[in-house]
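A.B. asks: Got a structure for you, questions after.
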Amino acid sequence: MADHPGSDVLIIGSGAAGLTAALNLADRFQVTVLAKGDFNEGSTAWAQGGIAAVLEEGDTFESHIEDTMVAGAGLNNRETVEFVVENAPAAIEHLAELGVPFTPPGDGDGRWHLTREGGHSHRRIVHVDDATGWAVQEALVRAAIAHPNIRMVPDMVAVDLASSRHELRYSGAGRVWGCYAVNRRSGTVELFTARATVLATGGAGRTYLFSTAPRGATGDGIAMAWRAGCRVSNMEFMQFHPTCLYNLEVKNLLITEAVRGEGGHLKLPPEAGTTHGHRFMPDFDHRTELAPRDIVARAIDHEIKRLGLDYVHLDISHQDPAFVVQHFPTIYARLLDLGIDMTKEPIPVVPAQHYTCGGVVVDREGRTDLPGLYAAGEVTQSGLHGANRLASNSLLECFVFGQAVASDIAARWGELAPPPPIRPWDESRVTNSDEEVVIKQNWTEIRRFMWNYVGIVRTTKRLERAQNRIRMLSEEVADYYGHFRVTPDLIELRNLLQAADLIVRCALARKESRGLHYTLDYPEALPEAADTILTPA
């Protein structure tokens, strides 16, 4: 096992949250950033819609706060929502300074073009056409690579956090000192130590069969933090994006919320028979296509199941073709490659898992339960999103909490001791010849039963069925992990299963329907909203 020279700060994850923290720390400290694959493979680069901030004349912080609270079904922490919303304009300004080319207003007023998305009462989504995440990620990576105090390390798959139990002389302090990670290129496990460690690993979308999340979104940070002793909260709130392209070959092409924000209508396809072409969202909510995502996703799911459909239509072809191409150039080109001209015909869409609203419990400084361990972004439950994330608040959370984490580490630097000697990884395991086929089989099984039993609409019986399968698979995966050399696929399977277990446990604990958690056994919301908090044994 290779041991790396200790850093001041170790950041696990190279997306918006991790790189924001890194750039805000690097003027004072030596920072190491671990990327699971290439630096641009995380969720940030996939984000299409944009970033929410109060920038339009007539809009207010209070309005953005209220929209966030309404979408979150009252489960949000209001102080956290205020903190994020009030820091949003400064975050946008900083991104512009880094060179993010936000779309100009065209013929309108203001500095940038602002679009509107579901759940928002104003136009407040600043964007780079329909590829905001890619532009933001490129700017952050460019700045991080150029900084002499930031070491960017690609192709490192974190195995577990290195904590006090890994010290050569156990101190009992319960601290985190870095992590062990598999080098994809060499296959060896390497140790990275630091005074402070930041989890910025994203969500757990790949626990589901259909997801807009990238391949690496296997809940790694959530699972590692749980195993190390951190509380995890609200994992039952898995957001399903209403509109993912229905295509048997391309299973994760998101059709941005902004298509509905710019006038797209949801309609029934020809397979619906006499109701073909019916615009159905007015039947479900007065906000129609601009209702919050949980409402739109459930409406689509209802129509698909009621009529035995494979998909519904998202139609913006009634808008001027030049307008559509100008606003959605990336999606237009991608769909055209697949034989769909969105300026002339509707897009077949289905809901797909999109965002993990729960995660590792953190405070407003991004601190977890363990000394020396911070977290930011989708890996966390910060109190911002509540029972349902408002559109375009996700990247915003990354920037604000990335900054908050950096500020707290700097303020508490005197309390963060250098790491003690840590035990090396045990490399005595051997590889099993049928490991890969077993991993693939178990991966597919998890994603399928999570989709069928822990999806948009749930029942207690379905959740219990999922729990039984998780219990059985956990024994099998634990046996593999305990007896054979770890590989990236085995690590991801282990974390995927742990994330699935936490989702199901939270879902069974919530005896109501609220936000993204809808169960036929408890269809009403309880009078008071309360977080579901799991504590490691």
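The values are calculated or read from the model by the stated rules, or taken from the named source; none is laboratory data. Keep in mind that what you see is a predicted model, and the values were worked out from it rather than measured. Cβ sites come from the backbone with ideal geometry, for glycine too, and all protein chains shown count toward neighbours. Each accessible area value is taken on the protein alone, full model and side chains, heavy atoms only, with ligands, DNA and RNA left out. Shrake-Rupley method; radii C 1.70, N 1.55, O 1.52, S 1.80 Å.
A.B. asks: So, in segment 343-371, how many residues would count as being open to solvent by 10 Å² or more (accessible area, probe 1.4 Å) and modelled with pLDDT of 95 or more?
C.D. replies: 15
A.B. asks: Which residue, of GLU93, GLU82, is out of contact with any Ser or Thr (no Cβ under 6 Å at 6 or more places or on another chain), farther than 15 Å from ASP67 by Cα and of a type in the set (Asp, Glu)?
C.D. replies: GLU93
A.B. asks: Which of the residues spanning segment 400-452 are modelled with pLDDT under 80, hydroxyl-bearing (Ser, Thr, Tyr) and over 26 Å from ALA162 (Cα atoms)? Spell out how you get there, then give the answer.
C.D. replies: Just the residues of segment 400-452 that are modelled with pLDDT under 80, to begin with: 426-438.
If we keep only those that are hydroxyl-bearing (Ser, Thr, Tyr) as well, we get 428, 431, 433.
Listed by number, the list holds a single entry, SER433.
A.B. asks: Looking at the structure I just gave you, is LEU23 among the aliphatic types (A, V, I, L, M) and either open to solvent by 10 Å² or more (accessible area, probe 1.4 Å) or closer than 21 Å to LEU373 by Cα (or both)?
C.D. replies: When the stated conditions are applied, LEU23 passes them.
Matching residues to (1) touching a residue at least 60 places away in the same chain (Cβ under 8 Å); (2) touching a His at 6+ places or on another chain (Cβ under 6 Å); (3) closer than 30 Å to ARG227 by Cα:
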| residue | (1), (2), (3) |
| --- | --- |
| ASP320 | no, no, no |
| ILE331 | yes, no, no |
| ASP337 | no, no, no |
| TYR355 | yes, no, yes |
| GLY359 | yes, no, yes |
| GLY372 | yes, no, yes |
| ALA375 | yes, no, yes |
| GLY386 | yes, no, yes |
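A.B. asks: Please determine whether any residue of segment 173-187 is in a strand (DSSP E or B) and surrounded by fewer than 21 Cβ atoms within 10 Å (Cβ to Cβ). Full working, then the answer.
C.D. replies: Restricting attention to segment 173-187, the residues satisfying the condition of being in a strand (DSSP E or B) are 176-183.
Adding the requirement that they be surrounded by fewer than 21 Cβ atoms within 10 Å (Cβ to Cβ) leaves 183.
Yes, segment 173-187 contains at least one residue that is in a strand (DSSP E or B) and surrounded by fewer than 21 Cβ atoms within 10 Å (Cβ to Cβ).
A.B. asks: Report, ordered by the first and then the second residue, all pairs with beta carbons closer than 8 Å, sequence separation of six or more or different chains, a first member in segment 89-103 that is under 25 Å from THR60 (Cβ atoms), and a second member that is open to solvent by 30 Å² or more (accessible area, probe 1.4 Å) and in a helix (DSSP H, G or I).
C.D. replies: Pairs found: ALA91/GLN403.
A.B. asks: Kindly evaluate ARG165 against the criterion of being surrounded by fewer than 17 Cβ atoms within 10 Å (Cβ to Cβ), in contact (Cβ under 8 Å) with a residue 60 or more places away in the chain and either farther than 30 Å from ALA258 by Cα or not basic (Lys, Arg) (or both).
C.D. replies: Criteria not met by ARG165.
A.B. asks: Consider SER121 carefully, then state whether it is open to solvent by 40 Å² or more (accessible area, probe 1.4 Å) and more than 20 Å from the chain's Cα centre (by Cα).
C.D. replies: yes
A.B. asks: Could you count how many residues in segment 299-326 are open to solvent by less than 60 Å² (accessible area, probe 1.4 Å) and closer than 29 Å to ALA387 by Cα?
C.D. replies: 12
A.B. asks: Also, quick follow-up: Mind checking which pairs have a first residue in segment 526-537 that is within 14 Å of TRP226 (Cβ to Cβ) and a second that is at pLDDT below 95 and surrounded by 12 or more Cβ atoms within 10 Å (Cβ to Cβ), Cβ under 9 Å, 6 or more apart or different chains?
C.D. replies: Every condition considered, no pair remains.
A.B. asks: Listed residues LEU266, LEU254; which is farther than 27 Å from SER164 by Cβ and surrounded by fewer than 24 Cβ atoms within 10 Å (Cβ to Cβ)?
C.D. replies: Being farther than 27 Å from SER164 by Cβ and surrounded by fewer than 24 Cβ atoms within 10 Å (Cβ to Cβ) holds for just one of LEU266, LEU254, which is LEU254.
A.B. asks: Criterion first (open to solvent by less than 10 Å² (accessible area, probe 1.4 Å), within 14 Å of THR207 (Cα to Cα) and in contact with a helix residue (DSSP H, G or I) (Cβ under 6 Å, 6 or more places away or on another chain)) does ALA466 satisfy it?
C.D. replies: yes
A.B. asks: How about segment 56-100: which of its residues are part of a loop (DSSP other than H, G, I, E, B), aliphatic (A, V, I, L, M) and in contact with a strand residue (DSSP E or B) (Cβ under 6 Å, 6 or more places away or on another chain)?
C.D. replies: First pass over segment 56-100, keeping only residues part of a loop (DSSP other than H, G, I, E, B): 56-60, 72-77, 99-100.
From what's left, aliphatic (A, V, I, L, M): 73, 75, 100.
Scanning segment 56-100 gives a single hit, ALA73.
A.B. asks: Within the set of pairs 6+ apart or on separate chains, which have a first residue in segment 63-82 that is open to solvent by 60 Å² or more (accessible area, probe 1.4 Å), a second that is modelled with pLDDT under 95, and C-beta atoms under 8 Å apart?
C.D. replies: Close Cβ pairs satisfying both conditions: GLU66/SER121; VAL70/GLY119; VAL70/PRO292.
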